[in-house]
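Participant: So that we are looking at the same thing, I have put the structure below in structure tokens.
The values are calculated or read from the model by the stated rules, or taken from the named source; none is laboratory data. Computed from a predicted model, the values in this text were never measured in an experiment. Every residue, glycine among them, receives a Cβ derived from its backbone with ideal geometry; neighbour counts consider all protein chains shown. For the accessible areas, the whole protein counts, side chains as well, though only heavy atoms, and no ligand, DNA or RNA atoms are used. Shrake-Rupley method; radii C 1.70, N 1.55, O 1.52, S 1.80 Å.
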Amino acid sequence: MKTKQLKKYPFPILMMAVTFGISLLLPYLSGYLIDNLLASRDTEKLWGWFFITFLTVVTSMGFTFFFCNYNLNRFIVINSRILQNKAIADILHMNPSLFSKKDKGYYYNLCTNSCTSYSEVHEEMYCNLIGNLLYVIALLAVISCTNWIFGIFFLIYGILLAVISLYGSRPLFDMQKDVLTRQDSFLSENRNIIENKLGINALHTEAFFQEEFGKCCSHYTKYVLKYKFWYYVCVYAPTMINKIFGVVYLFIAALLVFRGSVTVGILMMGYQYLESFSEPIATVCNILTRYKSNKIHVDRVDQLSIDAEQESETEKYKTDQEALFLAESFDFYKGGQPDDFLYHIDSLSLKKNGLYVIKGENGSGKSMLLNLMLGNVSPEHSRGIFSLTRDIHDTAFLTYPFFAVNGSFDDNLFGITKNEALLRTLNIDFADKEITNNPINLSYGQQQKLALLRVFGTDQPTLFLDEPLSNLDAETQSQVIDYIKSLKGKKTLLVVMHSDELDDSADGILWINDHKMILNKHVS
């Protein structure tokens, strides 16, 4: 476990050891009652025994509740939140092209199940495991001092219990990774339906998606049931073994009582110790089992931390050049197959503070070029030479899909200062609305206006605008065009367009046609 945010807690381990030490007194007090007080019929000492035993029981119960149960779970909850905060921070700062290589269901699972499992494993390995091992060692020492035969019996029992518990859990190790992968797919199916509910309803395709989800749910359920079977076999095996050894212990102890080697009180004390002995051993084995079976959760969280530190794949293409983007004999692919070819660029130079319009058929790769520059897609399938200015990261990007959060209009500016002049330019008359994250109470035109307000409201020197006129009324379209023109020479602008409103003002028009991108210089 590589994440350093989670601390190890020596004090809880100490208090667990104290708790277990107190619990060791109870079988001894029971044996003392049988061998000394009942035999002598000393009622005065019986009252003293009662108060001491009662106080020991109450103290043991209180310590067990707080230090062995609540306190550990309190740390699990706290550390889960720490890990989830870190996971979100890692995702937000992660290389976009690396992030996009995994499905969203993977990250949902990581931020919920994996972070919680990581925290549970962490507390169990660094606290609960150590505490229970100390308890096992102390109990073995006490019973061995009482009778060496009992000591050997307990040692054999403990070794056998540990071997069976650990060996029986081996099937879980192989199944856990597959369970998690299937869970990723299951969560993705959930997400797909939830995020696209309105579109599904609009097309009246509820039955189709319900059937597809039913198939996914059926496959996932069958595998989980198989996994649960082996899990409960591992959980209940120690209980069955304990019952068998309990009978064997009573037989051996009874023989020793007949021979006069031990008293009845010691027999009962040993039997209580035997009942207590199985629990810490089973706990230790279960912790080791859960660690191995949940190690994939640990690995996912640790891998996310590693991924978050990796530079963007386009970082090596950045230089201190004057141009925003340079390309020579450059072939651009959307994937690794020959038919994924998008277009070829002979030579291209986009200057800073220039206004460029990108045009082409749908699917020709207009937006892909913007995403390549920003590191949102991997350049691994491209061929040829290209380079970027180092300050390309100072770019605000108008892209899709539109997203919102539950809150006010100002909340949905995400900290960007509200510009009254831009509100008028975009004809925004819904600034008093409460917005939902669907966002069902905003029309597509209002969503576009809010998205434009966010991008225009930033102080970034470079703006990438993908279809800025989509869903806007004619008046707002005209004012947006005028505003973009007013930024020429002040900001670097790359605009994906199908219409020609910006053509006359552009420093260049990038045409994608017949798998070629050509820069047509604007002539005044």
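Participant: Give a residue-ordered list of calculated ³J(HN,Hα) values for region 114-126 (Karplus: 6.51 cos²θ - 1.76 cosθ + 1.60, θ = phi - 60°; whole Hz; x for Gly, Pro).
Facilitator: 5, 5, 5, 5, 4, 5, 4, 4, 4, 5, 5, 6, 9
Participant: So, R0 is 56 Å and r is the distance between the beta-carbons of Asn437 and Lys243; what FRET efficiency does that work out to, to 0.05? Mind showing how you got there, number by number?
Facilitator: Details: r = 54 Å, r/R0 = 0.97.
Calculated value: 0.55.
Participant: Go ahead and estimate [θ] at 222 nm for the chain from helices alone: -39,500 (n - 2.57) per DSSP H run with n ≥ 4, summed, over the residue count, rounded to 500. The partial results should precede the final answer.
Facilitator: Values: 18 runs with 294 residues, N = 524.
Dividing the helical sum by the residues of the chain leaves -18500 deg cm²/dmol.
Participant: Further, regarding this structure: Counting only protein heavy atoms and using a 1.4 Å probe, what share of the accessible area of the chain belongs to carbon plus sulfur, as a whole percent? All intermediate terms of the calculation are to be shown ahead of the outcome.
Facilitator: Numbers: 16480 of 27570 Å².
Answer for the chain: carbon and sulfur cover 60 percent of the accessible area.
Participant: Could you give the alpha-carbon Rg of the chain over 2.2 N^0.38 Å, rounded to two decimals?
Facilitator: Details: Rg = 34.3 Å, N = 524, 2.2 N^0.38 = 23.8 Å.
After normalising by residue count via 2.2 N^0.38 Å, the value is 1.44.
Participant: Of the chain, which part is the longest with no GluC sites (Glu not before Pro) in a loop (DSSP not H, G, I, E, B) and with at most 15 other C-beta atoms within 10 angstrom?
Facilitator: Details: sites that count: Glu309, Glu311, Glu322, Glu361, Glu380.
It works out to 1-308.
Participant: Continuing with this model, one more query. Residues of region 418-461 with the amide nitrogen closer than 15 Å to a label point 7 Å from the Cα of Ala202, along Cα-to-Cβ, please.
Facilitator: Residues passing the 15 Å test: 438-448.
Participant: A further question on this structure: Have a look at region 52-145 and give its Rg and Dmax from the Cα atoms, expressed in angstrom.
Facilitator: Computed over the Cα atoms of region 52-145, radius of gyration and Dmax are 20.0, 67 Å.
Participant: Give me the percent of DSSP beta bridges within region 411-524 that run antiparallel, rounded to the nearest 5.
Facilitator: Looking only at bridges with both residues in region 411-524, the antiparallel portion is about 50 percent.
Participant: With each label point set 7 Å from Cα along the Cα-Cβ vector, what nm distance links Thr59 and Leu255?
Facilitator: Distance between label points: 3.9 nm.
Participant: May I ask you to evaluate 6.51 cos²θ - 1.76 cosθ + 1.60, the Karplus curve with θ = phi - 60°, for each residue of region 369-383 and list the ³J(HN,Hα) values in order in whole Hz, giving x for glycine and proline?
Facilitator: Couplings: 5, 4, 5, 5, 4, 8, x, 7, 10, 6, x, 4, 9, 7, 10 Hz.
Participant: May I ask you to compute the full-extension gain from Ser144 to Ser100, defined as 0.36 nm times their residue separation minus their alpha-carbon distance, rounded to one decimal in nm? Before the final figure, lay out the partial values.
Facilitator: On the way: separation 44, 0.36 × 44 = 15.84 nm, distance 5.98 nm.
Roughly 9.9 nm would be gained on extension.
Participant: If you don't mind, another one. What list of ³J(HN,Hα) values in whole Hz, one per residue of region 20-37 in order, does the Karplus curve 6.51 cos²θ - 1.76 cosθ + 1.60 (θ = phi - 60°) give from phi, with Gly and Pro shown as x?
Facilitator: Result, rounded to whole Hz: 5, x, 5, 5, 5, 6, 5, x, 4, 5, 5, x, 4, 4, 6, 7, 10, 6.
Participant: Label-point separation (nm) for Leu166 and Arg383, each offset 7 Å from Cα along Cα-to-Cβ?
Facilitator: 5.5
Participant: Could I ask something else about it? With the other protein chains left in place, how much accessible area per residue, in square angstrom, belongs to region 262-369 at a 1.4 angstrom probe?
Facilitator: Numbers: 4710 Å² over 108 residues.
Accessible area per residue, region 262-369: 44 Å².
Participant: Under 5 Å between amide hydrogens, which residues at least 5 positions from Ser408 or on another chain qualify, with H placed 1.01 Å from N in the peptide plane?
Facilitator: The list, which skips near neighbours in sequence, is Ile435.
Participant: Starting from the amide H of Ser100, placed 1.01 Å from N in the peptide plane, find each other amide H under 5 Å away whose residue is 5 or more places distant or on another chain.
Facilitator: Hits under the 5 Å cutoff: none.
Participant: For region 15-62, what is the largest minus smallest coordinate of the Cα atoms on each principal axis, given in angstrom and ordered from greatest to least?
Facilitator: So the three principal-axis extents are 37, 16, 10 Å.
Participant: Here is a follow-up. Cα-based Rg of region 293-452 per 2.2 N^0.38 Å, rounded to two decimals?
Facilitator: 1.32
Participant: Same structure again: So, R0 is 35 Å and r is the distance between the beta-carbons of Lys316 and His219; what FRET efficiency does that work out to, to 0.05? Don't skip to the end; give the middle numbers.
Facilitator: Details: r = 42 Å, r/R0 = 1.20.
The computed FRET efficiency comes out at 0.25.
Participant: For region 136-242, what is the accessible area per residue in Å² when the probe is 1.4 Å? Can you show the working numbers first?
Facilitator: Numbers: 6540 Å² over 107 residues.
About 61 Å² of surface per residue is accessible.
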